[in-house]
Amino acid sequence: MSDAPITALLAVNLGTPETPTAPAVRRYLAEFLSDPRVVSIPALLWKPLLHGLILPLRSGRSAQKYAQVWLPEGSPLAVYTRRLAEAMQGQLPQWRVREAMRYGEPALLPALDALAAEGVQRIVVLPLYPQYSTTTTASIEDRVQQWQARNPKVTVQTIRDYADDPAWVAAVAASIADYWAEHGRGGKLMFSFHGIPQRLADAGDPYPQRCEASAKAIATALGLTRDDWELAYQSRFGRERWLQPYAEPRLWELAEGGIKTLDVVCPGFATDCLETLEEVQMGFTETLAERGARMRYIPCLNDSSAHAAALAALAAAQPA
């Protein structure tokens with residue numbers, strides 16, 4: 001019998017409503033938008049606005065969007081995260097691999113509790129955000145540290161970032177190359193990342209630099225020149241200035257400048273979700289068609305074998 005500690009990998013994604021209905025979306029958004037890492041407005045000002053205006057107005061509209069991308073098995077984000085965890089379990093047969101969500105179910109803290117109850121002595125937490133940000137990975141770190149303080153006998157390690165991990169970069173590059181081999185290459189490739197408010201970057205959040213590191217590494221792996229690709233940011237919310245350039249207006253400029261086939265990939269998302277499927281694949285495609293251009297969306301890595309192998313290797317490389 002081996003005396004090695006029982007080790008687990010907990011892959012943590014953002015989260016998703018349980019159903020594409022207004023009540024479920026409202027519950028999910030209430031948790032998500034109540035996180036001070038996501039919205040830093042003082043609670044006394046923010047909570048009345050959130051519950052009195054934003055949730056009543058946004059929940060129904062968001063539910064309609066979720067319904068457009070919902071899979072027979074559930075939310076795309078939940079389905080692909082579960083499948084990815086199962087694929088990583090195949091790569092790490094001596095480990096226990098589970099998935100959790102920062103918001104919604106399966107919830108992060110109960111997932112950690114369950115692993116501890118199984119006798120796990122070491123947990124590697126993998127936030128499924130390749131590029132570190134205070135708005136995403138740091139929120140998971142906050143919860144993990146709270147749990148660790150109550151469970152000091154369990155060793156917990158959190159992988160903060162894998163923006164330029166060679167195996168992950170190779171997997172993304174290969175997925176793009178495979179798409180081009182089947183469908184041909186467009187006139188320009190855009191790397192579209194989820195945005196954050198500019199003030200957070202100004203305050204030191206390294207996220208834009210990490211996005212740039214990912215884009216440059218993937219482009220290099222593909223053998224692209226700097227004229228072949230662009231980097232932009234999507235999914236902004238509210239009226240304040242977010243990271244620029246904004247993806248959709250920049251695509252319009254490229255189309256109006258004569259590029260009639262544009263390829264878009266979203267390497268900030270481990271799995272496809274509302275933002276990649278409804279906003280990009282459906283929304284961007286529609287508004288570019290109105291401008292006489294064709295946009296082609298290259299899917300996320302999801303539960304591909306290359307993705308599972310890259311992330312499993314990343315976890316296994318963490319020093320015990």
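Here, each number is a calculation from the coordinates, and none is a lab measurement. Note that the structure is a prediction, hence the values are computed from the model and not measured. Reconstructed Cβ throughout: ideal geometry from the backbone, glycine too, with neighbour counts over all protein chains shown.
Miscellaneous remarks
- Amide H to amide H, with H built 1.01 Å from N, L262 comes under 5 Å of G187, R294, M295, R296, counting only residues 5 or more places away or on other chains.
- Gyration tensor verdict on the stretch 1-127 (Cα atoms; rounded if a/c is under 1.5, prolate if a/b is larger than b/c, oblate otherwise): oblate
- Inter-label distance, nm, simple model (7 Å from Cα along the C-beta direction), D142/T21: 3.0
- Flagged links, alpha-carbon separation over 31 Å, of K47/K216; K65/K188; K47/K153: K47/K216; K47/K153
- Here each label is just a point 7 Å from Cα along the line to Cβ, and for D178 and L57 those points are 4.2 nm apart.
- Antiparallel content of DSSP bridges confined to the chain, in %, to 5: 5
- In the chain, helices alone account for a calculated mean residue ellipticity at 222 nm of -13500 deg cm²/dmol, with every DSSP H run of four or more residues adding -39,500 (n - 2.57).
- Eligible aspartates and glutamates near K260 by straight Cα distance, threshold 13 Å, same-chain separation 8 or greater: E290
- Cα gyration tensor shape for the chain, rounded if a/c is under 1.5, else prolate or oblate: oblate
- Neighbourhood net charge (9 Å Cβ-Cβ; Lys/Arg +1, Asp/Glu -1) for E18: 0
- Sequence ranges 233-239, 81-87, 250-256, ranked by mean other-Cβ count within 10 angstrom, highest first: 81-87, 250-256, 233-239
- Summing Cβ point charges (Lys, Arg +1; Asp, Glu -1) relative to the Cα centre of the stretch 56-99 gives a dipole of roughly 200 debye.
- Whether the stretch 7-59 is rounded, prolate or oblate, judged on the alpha carbon gyration tensor where a/c under 1.5 counts as rounded: oblate
- You can think of it this way: the chain between E73 and Q89 has 3.7 nm of extra reach, that is 0.36 nm per residue less the Cα-Cα gap.
- Axis of helix 137-150 versus longest Cα principal axis of the chain: the two differ by about 10°, to the nearest ten degrees.
- With a simple spin-label model that places each label point 7 Å from the Cα along the Cα-to-Cβ direction, the separation between A117 and T155 comes to 2.5 nm.
- Relative to the longest principal axis of the Cα atoms of the chain, the long axis of helix 247-256 lies at roughly 20 degrees.
- Helix 55-69 vs. the chain, principal-axis angle (Cα, 0 to 90°, nearest 10): 80
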